[in-house]
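> Got a structure for you, questions after.
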Amino acid sequence: MTALSINLNKISLLRNSREGNYPNIVKHAEVCIEHGADGITVHPRPDQRHIRPKDVRDLAELVRPQPNLEFNVEGNPFAPALADYPGFLELVEETNPDQCTLVPDTDSQLTSDHGFDLHSSGEALYPIIQRLKNQGMRVSLFMDPDLEQIDLAAKVGADRIELYTGPYAASWGTDSLETIFQHHLKAAQLATSLGMGVNAGHDLNLDNLAKFSSIPNLLEVSIGHAFIVDSLSMGMASTVQAYKKLLSQN
């Protein structure tokens, strides 16, 4: 069954709107874990708009002793140190998550909105990928469903790709849905044939996830924004269970 990793960025975004530590991100991670989440995902940015370095450290301590859970830290591998943000690679190496998902985002982006162009960044990414793998992390690259780019991801040494599903989600209910879905399916099939695992994430929700998770050998989905929105009406425990039930149908 496809693993469900819950992205908790929006919990920390809410917390950061006031002083103090309320809501407590670790407590909400515990609720997700208790009710069946397979992993926790965070995306620390240098501007600390949501996840802060302390959150990454605290969540690493929560997840590390639990052998059936995975901690996934995603972000821009070229993000530098800023104030008390130590730099993305430095933070990842300190906390040593199970998986590091490299994403080509910048602070000016509202959210991640495209995959890597490995023609321009592959040479710089290769030693970074090796550096993280040598520390024992699985390395995933955030990618568009572009077959040429997927081939390059294998050549730079990625263990997995995370397919950027924003366009798929945006096409839900339109005539372009099937075409875009087929692009993702073919990209996933190519990645699998090249020996890479396939993850997916961005704007997946209870409406569109069932179709996407029908892709064979889809190992993990990372869901954050929709999960938190659903939790407002359904409660967090019930929302975890709803997503897990949906994933179990494929």
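> Got a number for residues in region 203-246 being more than 16 Å from the chain's Cα centre (by Cα) and at positive phi?
Result for region 203-246: 2.
> Quick check on region 101-116. Is at least one of its residues surrounded by fewer than 19 Cβ atoms within 10 Å (Cβ to Cβ) and outside any loop (DSSP other than H, G, I, E, B)?
Scanning region 101-116 turns up no residue that is surrounded by fewer than 19 Cβ atoms within 10 Å (Cβ to Cβ) and outside any loop (DSSP other than H, G, I, E, B).
> Considering every residue within region 78-99, establish whether at least one is in contact (Cβ under 8 Å) with a residue 24 or more places away in the chain, crowded, with 16+ Cβ neighbours inside 10 Å and in contact with a Ser or Thr (Cβ under 7 Å, 6 or more places away or on another chain).
So far as region 78-99 goes, yes, one or more of its residues are in contact (Cβ under 8 Å) with a residue 24 or more places away in the chain, crowded, with 16+ Cβ neighbours inside 10 Å and in contact with a Ser or Thr (Cβ under 7 Å, 6 or more places away or on another chain).
> List every residue pair whose Cβ atoms lie under 6 Å apart, where the two residues are 6 or more positions apart in sequence or sit on different chains, the first residue falls within region 221-250 and is assigned to a helix (DSSP H, G or I), and the second residue, located anywhere, is basic (Lys, Arg).
Going by the 6 Å Cβ cut-off, the qualifying pairs are Ile228/Lys10.
> I've got another one for you. Considering only region 1-34, how many residues are within 22 Å of Gly201 (Cα to Cα) and hydroxyl-bearing (Ser, Thr, Tyr)?
3
> Among the residues of region 23-44, which ones are surrounded by fewer than 22 Cβ atoms within 10 Å (Cβ to Cβ), part of a helix (DSSP H, G or I) and not acidic (Asp, Glu)? Lay out the reasoning, then the answer.
We begin by selecting, within region 23-44, every residue surrounded by fewer than 22 Cβ atoms within 10 Å (Cβ to Cβ); these are 23-24, 26-28, 30-31, 33-36, 38.
Filter again for part of a helix (DSSP H, G or I), leaving 26-28, 30-31, 33-34.
Scanning region 23-44 gives Val26, Lys27, His28, Val31, Ile33.
> How many residues does region 51-77 contain that are part of a loop (DSSP other than H, G, I, E, B) and in contact (Cβ under 8 Å) with a residue 40 or more places away in the chain? Don't jump to the end; show me each part of the working.
As a first pass, look at region 51-77 and keep what is part of a loop (DSSP other than H, G, I, E, B): 51-52, 64-69, 76-77.
Checking which are in contact (Cβ under 8 Å) with a residue 40 or more places away in the chain leaves us with 51-52, 77.
Within region 51-77, residues that are part of a loop (DSSP other than H, G, I, E, B) and in contact (Cβ under 8 Å) with a residue 40 or more places away in the chain number 3.
> Looking only at region 182-204, count how many residues are surrounded by fewer than 16 Cβ atoms within 10 Å (Cβ to Cβ) and either part of a helix (DSSP H, G or I) or not hydrophobic (A, V, I, L, M, F, W, C) (or both).
Within region 182-204, the first condition is being surrounded by fewer than 16 Cβ atoms within 10 Å (Cβ to Cβ), and the residues that meet it are 182, 186, 193-195.
Filter again for either part of a helix (DSSP H, G or I) or not hydrophobic (A, V, I, L, M, F, W, C) (or both), leaving 182, 186, 193, 195.
The total comes to 4.
> Same structure, new question: Looking only at residues in region 100-110 that are touching a residue at least 40 places away in the same chain (Cβ under 8 Å) and of a type in the set (Val, Ile, Thr), which one is nearest to Gly122 (Cα to Cα)? Spell out the reasoning first.
Restricting attention to region 100-110, the residues satisfying the condition of being touching a residue at least 40 places away in the same chain (Cβ under 8 Å) are 100-103, 105, 107.
Those left that are additionally of a type in the set (Val, Ile, Thr): 101, 103.
Numbers: Thr101: 15, Val103: 13 Å.
So, considering only residues that are touching a residue at least 40 places away in the same chain (Cβ under 8 Å) and of a type in the set (Val, Ile, Thr), the one nearest to Gly122 (Cα to Cα) is Val103.
> With respect to Gly20, determine if the residue is without any contact (Cβ under 8 Å) to a residue 40 or more places away in the chain and surrounded by fewer than 21 Cβ atoms within 10 Å (Cβ to Cβ). Explain how you work it out, then say what you get.
Details: without any contact (Cβ under 8 Å) to a residue 40 or more places away in the chain: yes; surrounded by fewer than 21 Cβ atoms within 10 Å (Cβ to Cβ): yes.
In short, yes.
> For region 45-73: of the residues being under 14 Å from the mean Cα position of the chain (by Cα) and farther than 20 Å from Lys133 by Cα, which is surrounded by the most Cβ atoms within 10 Å (Cβ to Cβ)?
Ile51
> Just to check your reading of the model, which residue among Glu123, Glu178, Glu148 is over 20 Å from the mean Cα position of the chain (by Cα), under 18 Å from Phe78 (Cα atoms), at pLDDT 95 or above and not in a strand (DSSP E or B)? Let's see the steps before the verdict.
Working: Glu178 fails: under 18 Å from Phe78 (Cα atoms); Glu148 fails: under 18 Å from Phe78 (Cα atoms).
Just a single option satisfies the conditions, and that option is Glu123.
> Here are Leu8, Leu4: which of them is modelled with pLDDT of 95 or more, more than 24 Å from Gln135 (Cβ to Cβ) and under 16 Å from the mean Cα position of the chain (by Cα)? If you could, list the steps in order and put the result at the bottom.
On the way: Leu8 fails: more than 24 Å from Gln135 (Cβ to Cβ).
Residue meeting the stated conditions: Leu4.
The values are calculated or read from the model by the stated rules, or taken from the named source; none is laboratory data. Just so it is clear, the model here is predicted, and its values are computed rather than measured. Positions of Cβ are backbone-derived with ideal geometry, glycine not excepted, and every protein chain shown enters the neighbour counts.
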